[in-house]
Amino acid sequence: MSETKLKYLFNPTQKDARQLKAEFVVRTAIFNQIFTDIQEDAMQKPPQHYMILGQRGMGKTTLLLRLKYAVQDDENLQKWLLPVVFNEEQYAMSDLASFFEHIAQIIAEVHPSYESLLEEMRKYEFENDYDQKAFEILVEYLKKNEQKIIVFHDNFGQFLEKIGKVATHRLRNILMNSTHIRLVGASATLLEHTFNYKEPFFDFFYQIRLKGMTSDETILLFEKLAENEGKAESFQEILKTERPRIDVMRKLSGGVIRTMVMLFDVFIDNEKQDSFKDLEAILDRVTPLYKHRMDDLKPQQQQIVDAVARAWDAVTVSEIAELSRAERQGLKTNQISAQLKQLVENGIIEIEPRTTGRTNLYRLQERFFNIWYLMRYSTRQDKQRVIWFIKFLEEGCGRERVLKILESFIKRLEEGVISTNSSYSWINSFTMLKNDVLSKEEKIALLILCKIQSEEKDNEELNTFLDKKIEELEFDFKEIEKGLSDEKNEWLILFSLVILGIIIWNKSKAKKTKIDIKERFPQFIKDNLIAILENLVENKVKESLELFEQTYTNDELSEDFLQEFLSLLIAKKQYHSANKLFQDYPELKDRLKPIYYLTMEYLKDEYPNEYLKAGEEYRETIEELKERVKWFEQNLS
């Protein structure tokens, strides 16, 4: 990554307006929402004020700048509305009066009629109510010029902490009553001022939380970056087979824009490497920034950050004390709480917003910072937890798109809105995919699931077509025999879907398929995999769990099989059984964290805080698992 590109990545204010507007492709819905309000409100009454929340790198600064440029470019607004941008770091702005002085300085740089404004303000700077006088003089100038101002204030939370509660009350009264100023603020932390009813700005702002990018938004961003660098065609070619890699890193980073822009360079330069190497390449690039962040902390704060980072998931104060061996260091829980308050204010640590008081849960705010710390400064066991999560995401993403396409196809088939000819096209598309994109066994599973629906619709023509396609994709038994002798048992990954598909078909139609697994694959019976799933499908939960425990003790089962088994268990409402497996086999919790936290969400009445420990990087995967569980519930009822 070039020095210029890196500079723009961390300092978007240095990017020229034309380039920033051309590259603004992600937060467009939020931009349109706020800008439409700005356009339609002539501020005859006190306007709506906004607060944009999001961790570092989520695009807060870029969004504020894009709004500023939109105001400047609008033929109507530019006549009466003056945009004022406060940069992220305003070290000299220590009180409310300096807030208005800074506005005066910025306006005067562009509009000559305001050149004397600051001088006029400072005639009263030694009076007790100087901040109020400064604002009144600002309003006089605005009235004289028939104009109003809109302030885009980055890092607004830190500014409120600096000026104190009394000045914060005064600012609130000004914003609540004035028709001459609108504020669009941004903060990396959830401001206590906005959710604590004792604070001045409680329930005052219209809050917008910036979430991580979706898969489609990420591709849109990458396409724009590729276009800007003259690599649009090569990117589209790479995208045909490498999209799962992008999704793995997107989920791992929480969809943070800044991290994904860095990934783009890694992705383009190393189009055939795996997700773990992608991670290592990005970690190398962020090390100077993150190391500087750690070095700036006080020793006690470094100790606390180390404990929270190694926990990875959110933890309580008492858990932090235990992890950091605080008692041996002479660090008491009230001291930990005081340091945590500072770390929260500085945007290093966040409080899980759904917890309060003594039940507060703390985690590193920037999730990729947490992963960097684990991979660079923790034990081999801690690093293994990251590797397991990457593996979990890789295996999930590998079939994610196919399952979504399949579900969409089946839904349309059920609703009778797809013709037989269209069905042929879709099925041919499935079966013509390369085997490294969709394995032969998975294609058969998909066809079987389609066959369930076609039989229910009595579509004999499509049914015959599906049977033919299944026969065309006959298993290569020699390859399977070879795979069965592989010590890594990687073949298990290939078969979990086809097993499940055939079991569901057998159950729904109470008949044998042309592919008789029990006869053709006796190794499955030896390893109990078919019996584990069959018993669970037939509600023989006790037998299924007994076989699972026997098998798990003697064999290393793939994450893919474990994910399907536990998802089925949850679909059968066996939440306590799933939780017992996580307790009996603690390594399962690390290998399958998204499923663990999904289990705890279903048990939240008994464990109200446990599911809240899951970080942002898990949440999309957990929602996808919910859909998977829902699918099982609908098809195995």
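D284 sits with roughly 100 Å² accessible to a 1.4 Å probe, with DNA, RNA and ligands left out of the calculation.
Our estimate of slack between Q583 and F126, defined as 0.36 nm per intervening residue step minus the Cα-Cα distance, is 158.0 nm. Length available on full extension from K291 to N609: 0.36 nm per residue minus the Cα-Cα distance, which gives 111.3 nm. Each peptide in 171-183, 152-164, 117-129, 50-62 gets a packing score, the mean of other Cβ atoms within 10 Å over its residues, and the list from highest to lowest is 50-62, 152-164, 171-183, 117-129.
In a fully extended conformation the segment linking Q342 and E233 would gain 34.4 nm over its present Cα-Cα distance, using 0.36 nm per residue. A simple spin-label model places the labels of D16 and D95 4.1 nm from each other, with each point 7 Å out along Cα-to-Cβ. Cross-link pairs exceeding 23 Å between alpha carbons, from the set K45/K148; K332/K589; K251/K626; K123/K165; K573/K630; K60/K162: K332/K589; K123/K165.
Take 297-310, 221-234 and order them by the average number of nearby Cβ atoms within 10 Å per residue, most first; the result is 297-310, 221-234. Model label sites at L283 and E627, defined 7 Å from Cα along the beta-carbon direction, differ in position by 3.0 nm. Reported to the nearest whole Å, the Cα centre-to-centre distance from the range 98-142 to the range 358-376 is 42.
With each label modelled as a point 7 angstrom along the Cα→C-beta vector, the E161-S113 pair spans 4.0 nm.
For T464, the accessible area of its heavy atoms, probed at 1.4 Å with every protein chain present, is near 80 square angstrom.
The values are calculated or read from the model by the stated rules, or taken from the named source; none is laboratory data. Worth saying up front: this structure is predicted, and the values here are computed from it rather than measured. Neighbour counts are summed over all protein chains in view; Cβ atoms, including those assigned to glycine, are modelled from backbone coordinates with ideal geometry. Side chains included, ligands, DNA and RNA excluded: accessible areas come from the protein's heavy atoms. Shrake-Rupley method; radii C 1.70, N 1.55, O 1.52, S 1.80 Å.
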